[in-house]
1. Defining a contact as two alpha carbons under 8 Å apart and six or more residues distant in sequence, what relative contact order in percent does the range 280-435 show?
2. Of the listed peptides 607-615, 628-636, 469-477, what is their order by residue-averaged count of other C-beta atoms within 10 Å, with the highest listed first?
3. Tally the DSSP beta bridges in the range 412-669 and give the antiparallel ones as a percent, rounded to 5.
4. Can you give me the Cα centroid spacing of the range 146-177 and the range 237-315 in angstrom?
5. Convert each backbone phi in the range 289-305 into a coupling constant with the Karplus relation 6.51 cos²θ - 1.76 cosθ + 1.60 (shift: θ = phi - 60°), then list the ³J(HN,Hα) values in order as whole Hz, x for Gly and Pro.
6. Tell me which cysteines of the chain come out unpaired when the rule is another cysteine's Cβ under 4.7 Å.
7. Percent of Cα-Cα pairs per 5 Å bin, from 0 to the last occupied bin, for the range 604-674, please list those.
8. Please report the relative contact order for the range 412-669, taking Cα pairs under 8 Å with a sequence separation of at least 6, and give it as a percent rounded to a whole number.
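The numbers here are math on the coordinates, done by the rules we state, and not lab data. Source: prediction; values computed, not measured. Here the Cβ positions follow ideal geometry from the backbone for every residue, glycine too, while neighbour counts run over all protein chains shown.
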Amino acid sequence: MQHPARLLLPFLAVGFVSSVQAAGVDPRIDHLLTELGKVRAISSAQLSPDGNQLAWVVRTDGKDAIEVAKADGSDVHRIGGTKTGDCNESDPAWAPDSQHLAFLSSCASGGKQKDLLIVGPQSRDTPHHMASLPGVAQGLSWSPDGKSLGFLYVPNGTRRASAVYAAKPASGEIGVDGLEVQRVASVAAEGGAVRLLTPAATYAYEFSWSPDSARIAFTGAPPPGDNNWWVAKLYVQDAQADAKASVVVDPATVKGSLHGLQMALPRWSPDGKRIVFIGGLMSDQGSTGGDLYAVPTTGGEPANLTTGTHVTPAWFTWSGTQKLLVSQVANGQSQVAEYNINETAAQPERVLFTLPATIGDGTAEMALSLSSDRSRIAYVQSSYTEAPEVHAGALGSNAPAAVTHINAALKPGWGKAESVEWDNEGRRVQGWLLYPADYDANKKYPMIVTVHGGPSSAVIPRWPRMGFAGEPFSALGYFVFMPNPRGSFGQGEAYVQANRKDFGHGDLRDILAGIDTIEKKLPVDDKRLGLTGWSYGGFMSMFIPTQTQRFRAVVAGAGIANWQSYYGQNLIDQWMIPFFGASVYDDPQVYAKSSAINFIKQTKSPTLIVVGDRDAECPAPQSFEYWHALRAQGVPTSLVVYPNEGHHFVDADHQRDVLQRALMWFQKYLPASN
């Protein structure tokens, strides 16, 4: 039988765009999309250990290149000169001597494989080839002694090592054939053979070097890697090929607050005696948040160092023998704080600065780069008012200014933003509200509610990317409400865990209470409410209309219609046990109570549904199931399946098309004008 997704391919990007333009589409949409497409993504800002140089990755016309500059942003130049053809560079990593910069490049092979290169001491020099890396490599990290360069490596891998990217087409013996294992690998500083350090039977997710460079700590689990991050253990081993790895922490067997939860960012203490990491209820690898834990390198029960905190640590580094620098989510904002740490606790000493902006670049959220003496800092920052730039300067009580001007010419086309707070069921809840562009207090406006993914995540102000986003609706005359209900980062681990076994219920009540709060003080027309979201937000966009009739139009991206059938369809079912408390086979009712399909007859809202045909996290059959049910109920609906896309769309035409369709759907069923 033909795969059902293939039946929809003729309806995709290019033909649709030309047909709607011919039909007289609102030129504001085309202008808005064009402006969004001008932003150049910036990632991987790296400050040299001596604090004198910067490197970052900037995307231009779909290609990534590394630029280097002085720490104040002056003397910007690309490493190795001008590049042509299919050429991408990534993962810049300064050597401890600050005189050499290692990076990954596909330029020599025309995009067919990556090479590990090094340049310096003058970054305009011709790069030196260290090793060829057929497969997938990422996460370069120098050993502290500068003698080795470690990285995560899938030898001969065929796809990016993450569940958000397009899954392999299913064929052969499922779960057995074609498994790709990511391992920690290293290469000597002078180049040469690649050494595979971690076992072939363990998929490695993250790693860090011990202070003496003799050992590594890593999180790992049996393959398949996309699925088993949620059951990963913490290991320590010698930094040698075929060394024995010892389990330091297994969340499945510990007795304290980490039991059954996830781990991320293992970091050795300066004396090499213990490892601190972030542990908590996390719904996606890379979307890190929780409490800080410490465990001896020889193993034992991990100690929760931040019990009862009301912020969410998301990234940290040791800044002294008893000091941590922590990047954390605090009530919908980014915050950088200094912590004192002892054997049993890590206490905030002072908050350095709080920003209504996002720190990080989407690949390393909340990540900072520091000089070796911890006096200077660098990171990528964006907000609702400022497009992405590299910020760098002294580490202190004031956030450093931008030192690049890559996107300085871009200005927001949407309205002003403000943080909104309200109380519901004994909790203080927060969200962000964008006003309509050209707001007039004497007019009534529709409002679109955008529910974030996760649910273990948070809305923090950032410049919208091309693709599925809520902010652009403001430019067309809508209020845009982006809540952080229970289950979100930013108010402590208890707030994150308040969503367990209760998807779509308590968080919906939080959202509705937020809408009521906004409507009491601003001219929002309650008869013109829209709803949208992606991933968990896509699930909420399917589920909420079955619980309330307040929303008049919906766009559901990569959603989940039926948690019971989803359990057997997705490729990452390990994430579900911590949230639902049991498998669907042991407790089907807890899944049924949050399944939109069980309440589908109450749905009346016209709904656009979009999904990638190779989505491993929220498989396309879930969108088909919901679309089929809406059609059976006579509800206006449209389903668009994008070919060769995973949970995260990578094709620029698809990114543009999915946003254009969403804008046009709301324009049709929820027009901004009265």
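1. RCO, the range 280-435: 12 percent.
2. Per-residue mean Cβ counts within 10 Å order the peptides as 607-615, 469-477, 628-636.
3. 35
4. Between the Cα centres of the range 146-177 and the range 237-315 lies a distance of 24 Å.
5. So the Karplus estimates, Gly and Pro as x, are x, x, 9, 8, 10, 10, 8, x, 5, 8, x, x, 6, x, 9, 6, 8 Hz.
6. C618
7. Values per bin, smallest distances first: 3, 16, 24, 21, 20, 12, 4, 1, 0.
8. 17 percent.
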